[in-house]
Every structure is written in structure tokens, then in C-alpha cells.
1. Could you look at the range 84-178 and say what percent of its accessible area is carbon and sulfur, using a 1.4 Å probe and all protein chains?
2. Can you tell me which of Ala106, Ala70, Ala45 moves the most in a GNM of the chain? Springs connect C-alpha atoms under 10 Å apart.
3. With Cβ to Cβ distances under 15 Å as the rule, what net charge do the other residues near Val171 carry (K, R +1; D, E -1)?
4. Could you provide, to the nearest whole Å², the per residue accessible area of the range 77-178 with probe 1.4 Å?
5. Give the accessible area for Val152 in Å² (nearest 10); use a 1.4 Å probe, count only protein heavy atoms, and leave out ligands, DNA and RNA.
6. I'd like the distance between the alpha-carbon centres of the range 105-122 and the range 125-178, rounded to an integer number of Å.
7. Can you give the Rg/Rh ratio of the chain, where Rg is from the C-alpha atoms and Rh is the Kirkwood radius?
Amino acid sequence: DFCLSRGLGDVYKRQGLERWERAEEMFTEALTAFEASGVGPAAMALSLGQRGAVRVELGRFEGAAADLAASAKLQRDRGDPPYPDDTLAYNALGRVSLQLGREATAKEAYGWSLEVGTKIEAYPGDLAEARAGLAMMNVGTDRAEALVQLRVQLDILENGGPDYADAAAWVRAFLEEN
């Protein structure tokens with residue numbers, strides 16, 4: 001039974017990976033078609049953000065960072081009122097940038113998330129993720145205040161429902177390490 005379940009687990013993992021890879025291909029194809037047809041910046045930004053999220057799942061952080069940065073630039077340059085998805089892309093860019101050690105980019109992305117999120121009255125969890133990312137960068141300069149802020153934001157994320165479980169786990173892991 002153990003060998004069978006272990007083998008099935010490997011099969012499921014492989015199928016999951018193949019699905020993520022196929023999703024990356026589909027977003028790449030869509031982006032190519034969008035560029036050829038002259039689709040507006042909102043659709044391009046959304047698709048770049050989605051492909052960036054897929055690349056995060058695949059562990060392709062450099063590609064994810066490039067997609068998310070391009071998405072953020074299109075969002076900021078498009079001149080339209082901000083969308084709720086803008087905060088998601090900015091937070092994703094912030095987190096990937098932190099993972100890659102790019103604190104200046106992360107700080108800028110989280111700042112955009114808070115700016116846009118405040119304007120559109122974003123979900124508290126989206127704002128909490130941005131505040132947590134900024135607090136993580138402040139642990140070296142004001143440890144006590146940063147840790148208090150992280151605990152407050154973790155509480156918001158944990159009470160935000162399943163959409164914020166990943167962000168809550170990320171903050172919780174950071175707190176355990178620090």
C-alpha cells in the first residue's frame with residue numbers, strides 16, 4: 001500500500017506540474033495574440049499578472065518578477081481608475097522581489113498596493129499583505145515595531161478566509177524565523 005500510494009502521489013504531483021506548465025504556455029500564447037492584435041493595456045496587465053502567478057507556482061521567480069513588473073507598469077501607466085486586481089499584482093511583485101532580494105522593488109510594489117488599495121477600498125487582507133511585506137523589510141531597523149505590525153497583519157490575514165491562507169502562512173513563517 002505504501003509503495004502504491006507513494007507512486008500515486010508522484011503521479012499527482014507530476015500532473016499538477018504539467019497543468020501549471022500548460023497554464024504558462026496558454027498565457028504566453030494569449031499574450032502573443034494580444035500583442036499582435038493591439039489589445040489594450042488592461043488585458044495585457046491582467047494576463048501578465050496571471051502568467052507571473054503561474055511562474056511563481058513553477059518556481060520560476062525571475063520570469064515571474066519580469067511578468068509582474070511589466071504588469072505593474074502597465075497598470076500604473078494605463079490612466080484608468082485602479083482595479084481590485086491591481087493590488088494583487090503589486091503584492092505578488094512585492095513578495096517575489098523579496099524572495100529575490102530586491103528590497104527596493106518590493107518596497108515600491110507594496111507602496112503601490114497600499115496607495116491603490118486605499119483608493120478603491122480593497123479587501124483588508126490585500127492591504128494587510130502589503131503592510132506585512134513592508135514590515136518584514138523594517139525588521140532590521142525597528143525590530144520591535146516591525147514584529148508588532150507583522151502580528152497585527154497576520155491576524156487580519158488569518159481572519160480573511162481561504163484567499164489569504166498563503167499570505168498568512170508566509171507571514172507566520174517569517175515570524176517563526178525572527
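The values are calculated or read from the model by the stated rules, or taken from the named source; none is laboratory data. Just so it is clear, the structure is predicted and the values come from calculations on it, not from any experiment. Note that we place each Cβ from the backbone using ideal geometry, even for glycine, and neighbour counts take in every protein chain shown. Remember, those area values only see protein heavy atoms, side chains included, never the ligands or the DNA or RNA. Shrake-Rupley method; radii C 1.70, N 1.55, O 1.52, S 1.80 Å.
1. Answer for the range 84-178: carbon and sulfur cover 51 percent of the accessible area.
2. With Cα springs under 10 Å in the chain, the top fluctuation among Ala106, Ala70, Ala45 is at Ala70.
3. So the surrounding residues net to -4.
4. It amounts to 53 Å² per residue over the range 77-178.
5. Accessible area of Val152: about 70 Å².
6. Cα centres, the range 105-122 to the range 125-178: 15 Å.
7. Rounded to two decimals, Rg/Rh equals 1.02.
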